[in-house]
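This report concerns only the one structure given below.
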Amino acid sequence: MEIPAKYESQDIEKKWYQFWLDKNYFHSEPDSREPYVNVIPPPNVTGVLHMGHMLNNTIQDVLVRRARMLGKNAVWIPGTDHASIATEAKVVAKLKTDGIDKNNLTRNEFLEHAWEWKEKHGGIILEQLKKLGASCDWERTCFTMDEIRSESVIKVFCDLYEKGLIYRGVRMVNWDPDAKTAVSDEEVLHTEENSKLYYVKYKILDENDYVTIATTRPETILGDTAVCVNPKDKRFEHLKGKKVIVPMINREVPIIFDDYVDMEFGTGCLKITPAHDINDYEIGVRHNLESIDIFNENGSLNEAAEMFVGVDRFQARELAVKELEIMGALVKIEDYTNKVGRSERTNAVIEPKLSMQWFLKMKNISKPALEAVENDDIKLLPAKFKNVYRHWMENVRDWCLSRQLWWGHRIPAYYLPNSNEFVVADNEEKAIALARQKTGNQNLTIMDLRQDEDVLDTWFSSWLWPISVFDGISNPENPDFKYYYHTNDLVTAPEILFFWVARMIIAGYEYAGEKPFSNVYLTGIVRDKQRRKMSKSLGNSPDPLVLIDKYGADAVRVGMLFCSPAGGDLLYDDSLPEQGRNFANKIWNAFRLVKNWDVDNKISQPEHAKNAAIWFHAKLNETINSLNAQYDDFRLSEVLMTIYKLFRDDFSSWYLEIIKPDYQKPIDALTYNQSLEFFKKLTLLLAPFMPFITEELWQFLKTEKDDESIVIAKWPVVERFDKNIISDFQNCMDVVTNIRNIRQEKNLPLKEKLNLSIVKHGNYNSEFNSIIERLGKLNKIQFIDIKLDNAASFLIKAHEYFIPLDNLIDKDEEIKKIEEELKYTQGFLNSVMKKLGNERFVNNAPAKVIEIERKKQADALAKIEILKDQAAKLKL
């Protein structure tokens, strides 16, 4: 086959990905081999590929491809998450553009639109992953709301309810007024923001006196049901048993005493609004206070507020401040920086709200998941995240499961007629049977029952992912689940360590009796060079598909992994994929160089080529051994850099340079075939990172005994090698480098053959002398007993090397250069001596600084002696 002059990534990537799909290489079925199983963190069905996906999925693909090459039955399960809040928001926005208001639709009508949207847009990100080269088992693609996954979710809810772990109750929740739903604590992002602190007077009932409170939310004064002070605060002892009048609405409320109040904050008096602050709520429970909910679901004020009804909460704040000013109750306003909770999904300011919700008791069910990470049965990489995990798990709160949405898994609770009592069942038939049993009314039908309107938190489906993708909830004895569970390595982002990872571990022990995975590889965040997180709003996130089109998928994969250790942020700019593309071109050009050599079967292998092959065989196997250890430790960036240096430096810059035939001369067949065999192994090592270019090369390199695709080819086995050969060759490289440096310093042309004389001190291995002669452009190498005068010299491993310079250099010019360097060095020494002669400097500078200056002095003195000696010898 003719090798194209240029590597055209786009054509090659399309060709080979389709070839792999046609051959079904990525599909797995249970067999006698050891399984290797990864599940994709399911991206939102609303999503499109971004840089974080690129990093995460490249890492997963590298691990899966190598496992396949190791002979394991590797499977990578793809899928998408239904993403309740994000998807419903997208569908509502789409309907709005079509002139349709969600509020005018029935639930079923809305869901028809949602499913239609999902079918149209839901698979985009998975198709994009194919362009990256993701070797997922696409036949096993799952969706968190498909039939099997939905059945699993409902069964688990019912089971946990029957175990007494799920309950329904009024609790303070995080309310997202934009999405009009509760969100969990983990879905709230707290950011420092510039606010105002308002000081407001509350008149003491039946007295001509006031207490002053400080609040950031004057609009919530309308829901106040007490003022609280610390019982240890002597300033307010006289207020025991008294009441104050809430300004604006003139409500009489008690003054209560509670240790929660910080005497140093504000005025020491705290307004209590039990319906709209978690701490106030807990104080209200302790003191049996009334809760007045003044907000509608959309964040506007309701009838209970008595003022500003229907007005948005932030506008109501401005109106409340004006009202307080008019009535003389506003004492002052101060600038204030505080942490504000915002919804991760909509960025809306969270409203603490008392609401009837469904909860999962987390304390006891979480214990096995904490122990698994503590005893390293499940390893977090890097290990620093173990402390974060422990903190979360030891302070876990009950999980708010319900969401006030229509898109998602509807809670399987059915309310009895004209009652708040309910039954929980995984289908309507069971619900009717339970309802009849509970009421004694055998005539009840499904039409008499009312199913809960809420859906489950999206994470309640994805926490089952490693189990449900193999139908392990509904059919735990099925062959897939018994063979593939537990999975091996999970690659995900640290920010969902609790959201998803911890909960999957909890579900694994609860529903499979064992861990869901062995290792959790936590990626860093992709940032720009200014260390800003990439986002659409900042406009600093490139389109991954544009990068793939411009640089090629292999180049982008390599660029992402060059400098992204586990847990370390990746500072991205376009130089990374450009470096990847340059590497791909280097590989391609090196291959073309070798394949285009003329081969002569009649000539024997020269000594330098034989020795080069002996060395590179040892170097290659030493590197494979190192790579295996790096893979075992998940040091993937190091793996890539090790392969990169092996190819760029050892193979291209040294091995090929040694063995390449002289101009217009052929190469011997043995060296040629050895070189192709080396290239084949290098290609195998590169394949997990650069699957496309290596497949193209494999098709040129493979023989009849090789596998038809590099996807299923075997990972190179470490063969026996002699470490001494590698260290001896390092000496050879050092000698050649020194010879080249002398040529450059002395302006000696390459056509000028040099002689090398060696004074041995101990054992000297001359095995690589043929290589030194070839690369150093030498006439000969000889061993001598005494040092040579008028020669350039260098020292390596106690052996002294001399290159005679008689008749090779212009002595006058060389003396001039030496004297110039001597003058510069003496000037440098003088500046150092001035510092060391400065008593103030010596007495005040750190000892380490003084030590550095003394070393500079010693080095300069030594150099001056060498230069003087060289000049003297040239003048003889």
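Treat region 767-876 as a sphere of radius equal to its Kirkwood radius over Cα pairs and apply Stokes-Einstein at 10 °C in a medium of 1.306 mPa s; give the translational diffusion coefficient in µm²/s, rounded to a whole number.
93
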Rounded if a/c under 1.5, otherwise prolate or oblate - region 673-803, Cα gyration tensor axes: prolate
Angle in degrees between helix 607-632 and the longest Cα principal axis of the chain, rounded to the nearest 10: 20
Pair-distance profile P(r), taking every C-alpha pair of region 314-432, with 5 angstrom steps and integer %: 2, 7, 9, 11, 12, 12, 12, 11, 9, 7, 5, 3, 1, 0
Translational diffusion coefficient (Stokes-Einstein; Kirkwood radius from C-alpha pairs) of region 66-129 at 10 °C, 1.306 mPa s, in µm²/s: 112
Mean shadow area of region 137-193, taken as a quarter of the surface of its Cα convex hull (nm²): 7.5
Thr458 long-range amide H proximity, modeled H, under 5 Å: Ser84
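Determine the sum of side-chain charges near Ser727: Lys and Arg each +1, Asp and Glu each -1, restricted to other residues whose C-beta is under 13 angstrom from that of Ser727.
-2
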Along each principal axis, Cα extent of region 401-538, largest first, Å: 68, 43, 18
Other-chain or far-sequence residues with amide H under 5 Å of Val311's (modelled H): Leu301
Computed over region 575-669, Kirkwood Rh from alpha-carbon pairs, angstrom: 15.0
Angle between the chain longest axis and helix 636-645 axis [Cα atoms, degrees, rounded to 10]: 20
Note, ³J(HN,Hα) from phi for region 661-677, Karplus 6.51, -1.76, 1.60, rounded to Hz, x at Gly and Pro: x, 5, 3, 6, 10, x, 10, 6, 5, 5, 4, 4, 5, 4, 5, 5, 5
Average projected area [Cα convex hull, region 370-478], square nanometres: 10.4
Per-residue SASA entry for Lys875, accessible area with 1.4 Å probe, Å² rounded to 10: 130
Environment charge at Pro606 (Cβ cut-off 13 Å; Lys +1, Arg +1, Asp -1, Glu -1): -1
Kirkwood Rh, Cα atoms: Rg over Rh of region 1-73: 1.04
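According to the Cα gyration tensor, what semi-axes, each the square root of 5 times an eigenvalue, does the equivalent ellipsoid of region 228-329 have, listed from largest to smallest in whole Å? Please list the in-between numbers first.
Details: eigenvalues 134, 54, 31 Å².
Value: 26, 16, 12 Å, ordered largest first.
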Residues whose placed amide H lies under 5 Å from that of Ala425, excluding near-sequence neighbours: Tyr414
All-pairs alpha carbon distance profile, region 563-623, 5 Å steps from 0, percent: 4, 12, 9, 15, 18, 13, 10, 8, 5, 4, 1, 0
Theoretical ellipticity at 222 nm over the chain - DSSP helices of four or more residues, -39500 (n - 2.57) apiece, nearest 500: -13500 deg cm²/dmol
Tilt relative to the chain, helix 691-701 - C-alpha long axis, 0 to 90 degrees, to 10: 30
Kirkwood hydrodynamic radius over Cα pairs of region 198-271, then Stokes diffusion coefficient at 4 °C and 1.567 mPa s, in µm²/s: 106
Förster radius 45 Å - calculated FRET efficiency between Ala862 and Glu607 (Cβ-Cβ, nearest 0.05): 0.70
Reported label for calculated Cα extents along the principal axes in Å given (1) 146, 130, 61; (2) 115, 79, 51; (3) 133, 63, 52: (2)
Accessible area in the full protein assembly, largest first, 1.4 Å probe, for Phe157, Phe422: Phe422, Phe157
Cα-based shape type of region 307-374, given that a ≥ b ≥ c are square roots of the gyration tensor eigenvalues and the cut on a/c is 1.5: prolate
Along principal axes, Cα extents of region 727-778, largest first, whole Å: 32, 18, 16
The chain, accessible surface, carbon-and-sulfur percent (1.4 angstrom probe): 47
Cα centroid separation - region 111-159 against region 830-876, whole Å: 71
Ser300 accessible area, 1.4 Å probe, all protein chains in place, Å² to nearest 10: 10
Rounded to whole Hz, the Karplus (6.51, -1.76, 1.60) HN-Hα couplings of region 359-368, x for glycine and proline: 10, 10, 5, 9, 4, 7, 5, 7, 4, x
Computed accessible area, Ser32, all protein chains, 1.4 angstrom probe, square angstrom: 120
From phi via Karplus (6.51, -1.76, 1.60), per-residue ³J(HN,Hα) for region 257-264 in Hz, x at Gly/Pro: 10, 8, 5, 4, 5, 7, 5, 8
Region 706-746 pair-distance distribution - Cα-Cα, 10 Å bins, rounded %: 23, 21, 20, 22, 12, 1
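The values are calculated or read from the model by the stated rules, or taken from the named source; none is laboratory data. Note that the structure is a prediction, hence the values are computed from the model and not measured. A quick note on method: Cβ atoms are made from the backbone with ideal geometry, for glycine too, and the neighbour counts reach across all protein chains shown. Each accessible area value is taken on the protein alone, full model and side chains, heavy atoms only, with ligands, DNA and RNA left out. Shrake-Rupley method; radii C 1.70, N 1.55, O 1.52, S 1.80 Å.
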